[in-house]
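**Q** Before anything else, here's the structure in question.
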Amino acid sequence: MKGLGITVNEHLLIHQKESPAATGRFTKLLSELIFSAKIISKEVNKAGLVDILGFTGEINVQGEQVRKLDDFANRVLIYRMQRTGVLCAMATEENADIIEVPEDMPRGDYILIFDPLDGSSNIDVNINIGTIFSIHRKISDRPYVSLEDFLRRGSEQIAAGYFLYGPSTVLVYTTGNGVNGFTLDPSVGEFLLSHQNITIPEAGKIYSVNEAYTCYWDERTKKVVNYFKNSVIEGGRPYTARYIGSFVADFHRNLLHGGIFMYPADSKDPAKPRGKLRLLCEVAPMAFIAEQAGGAATDGEQRILDIKASALHERVPLFIGSKMDVEKATEIMQGK
Ligand code: P6P
């Protein structure tokens, strides 16, 4: 019937045979992620009205001050995802170590890695923020979970996605068979299919990078940014700059409209020479989505999805978005 949208679960059932990952257990996992996101979305949408803004006074493993909403989102996801019965362990950007599902709870062989609330520096000023998730299957045949089960290549992901909390709450995810977007209809509390088979334009008109760090970049990085900043074609300028400072929001805009997002290596923080974004909980899931939508993602040298993580909170430089733009940036970074 026209006007009745397709829910996420209906979409999963329709496409279950096409996506080996889209099993009943995966549906259960995604449903619990969706329920968690609905809880988080409700708090985000009333953040200015209740005492959920500001800081908890703690410092997370990233050395960042933990915001109350970050902590809330992290606790909701850990609590709910532990009870799905299909996970054996998880890792979150907020916690130093992996979190095994307690022995007294039903367990499965899925592994979940997530950033509970990315872009949290924007929370207090009402700018879009998001939850990013990555799903792997346990590989070791040992009864217990080890760090080795987490230090994987992005190409091994079973699924990846994000929730974007903004004017509407949007879910975008892939199970390796294209990318689809769903928008939460608060009146019925369901995510309805709103962006079917998302395809990122081959070449974009947007470049996203924090140019305040120019003085910290190497010469090749400066050359890349100058290419997008100063390209001229007949009829004017091919690119415009857009940078929200919230990765999920910047990525989502470029995914739909085309463009490149860059967070290059820089020398501003000796503790983070390879840039700020985390491979496992931010970069690899977005790279999976970008490639499934016909785009690309590299660290300036190699394909993101080929990088085998060497540490749980490893950071990597990132060039992600429209295929032609990422290829151009990577060529320049490689000195071609
Ligand atoms: P900068 C948010 O804190 C975040 O991790 C990403 O969401 C965002 O893209 C990036 O940091 C912004 O970092 O250094 O430009 O403020």
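**Q** Could you list, in sequence order, the residues of segment 310-330 that are over 16 Å from the mean Cα position of the chain (by Cα) and either surrounded by 19 or more Cβ atoms within 10 Å (Cβ to Cβ) or not assigned by TED's automatic domain parsing to the domain that holds C281 (or both)? Reasoning before the result, please.
**A** Going through segment 310-330, the residues over 16 Å from the mean Cα position of the chain (by Cα) turn out to be 310-311, 322-330.
Of everything in segment 310-330, those that are over 16 Å from the mean Cα position of the chain (by Cα) and either surrounded by 19 or more Cβ atoms within 10 Å (Cβ to Cβ) or not assigned by TED's automatic domain parsing to the domain that holds C281 (or both) turn out to be S322, K323, D325, V326, K328, A329, T330.
**Q** Right, another one. Can you find a residue that is touching a residue at least 12 places away in the same chain (Cβ under 8 Å) and within 16 Å of the ligand (Cβ to nearest atom) anywhere in segment 150-159?
**A** First, pick out the residues of segment 150-159 that are touching a residue at least 12 places away in the same chain (Cβ under 8 Å): 150-159.
Cutting the leftovers down to within 16 Å of the ligand (Cβ to nearest atom) gives us none.
Looking for residues that are touching a residue at least 12 places away in the same chain (Cβ under 8 Å) and within 16 Å of the ligand (Cβ to nearest atom), one finds none in segment 150-159, hence no.
**Q** For segment 108-154, what are the residues that are among the polar types (S, T, N, Q) and more than 17 Å from I289 (Cα to Cα)? Walk me through it before giving the result.
**A** First, pick out the residues of segment 108-154 that are among the polar types (S, T, N, Q): 120-122, 126, 128, 131, 134, 140, 146.
Those that are among the polar types (S, T, N, Q) and more than 17 Å from I289 (Cα to Cα): S120, S121, N122, N126, N128, S140, S146.
**Q** One residue is enough: does segment 171-187 have a residue meeting the conditions within 16 Å of the ligand (Cβ to nearest atom) and outside any helix (DSSP H, G or I)?
**A** Narrowing segment 171-187 to residues within 16 Å of the ligand (Cβ to nearest atom): 172.
Next, from what is left, pick out any that are outside any helix (DSSP H, G or I): 172.
Scanning segment 171-187 turns up at least one residue that is within 16 Å of the ligand (Cβ to nearest atom) and outside any helix (DSSP H, G or I).
**Q** Can you report the number of residues in segment 255-295 which are away from the ligand (no atom under 12 Å from the Cβ) and assigned to a helix (DSSP H, G or I)?
**A** As a first pass, look at segment 255-295 and keep what is away from the ligand (no atom under 12 Å from the Cβ): 255-260, 265, 267, 270-271, 273-274, 279-280, 284-285, 287-295.
Right, trim to assigned to a helix (DSSP H, G or I) and you get 255-257, 279-280, 284-285, 287-292.
Total meeting the criteria: 13.
**Q** Looking only at segment 102-148, count how many residues are surrounded by fewer than 21 Cβ atoms within 10 Å (Cβ to Cβ), away from the ligand (no atom under 16 Å from the Cβ) and among the aliphatic types (A, V, I, L, M).
**A** Result for segment 102-148: 3.
**Q** Within segment 84-93, can one find any residue that is in contact with a Cys (Cβ under 8 Å, 6 or more places away or on another chain), within 16 Å of the ligand (Cβ to nearest atom) and touching a residue at least 40 places away in the same chain (Cβ under 8 Å)? Give the steps one after another, and end with the answer.
**A** From segment 84-93, those in contact with a Cys (Cβ under 8 Å, 6 or more places away or on another chain) are 91-93; that's our starting set.
Next, only the ones that are within 16 Å of the ligand (Cβ to nearest atom) stay: 92-93.
Those left that are additionally touching a residue at least 40 places away in the same chain (Cβ under 8 Å): 92-93.
Scanning segment 84-93, I find at least one residue that is in contact with a Cys (Cβ under 8 Å, 6 or more places away or on another chain), within 16 Å of the ligand (Cβ to nearest atom) and touching a residue at least 40 places away in the same chain (Cβ under 8 Å), so the answer is yes.
**Q** Quick one: which of P186, P143 is more than 16 Å from K38 (Cβ to Cβ), assigned by TED's automatic domain parsing to the domain that holds K28 and modelled with pLDDT under 95?
**A** On the way: P186 fails: more than 16 Å from K38 (Cβ to Cβ).
After ruling out the rest, the residue left standing is P143.
**Q** Restricting attention to segment 217-248, and to residues there that are assigned to a helix (DSSP H, G or I) and of a type in the set (F, W, Y), which single residue is farthest from the ligand (Cβ to nearest atom)?
**A** Among residues in segment 217-248 that are assigned to a helix (DSSP H, G or I) and of a type in the set (F, W, Y), the one farthest from the ligand (Cβ to nearest atom) is Y227.
The values are calculated or read from the model by the stated rules, or taken from the named source; none is laboratory data. Predicted model, so just to flag it, every value in this text is computed and none were measured. Glycine gets a Cβ as well: all are built from the backbone with ideal geometry, and neighbour counts include every protein chain shown.
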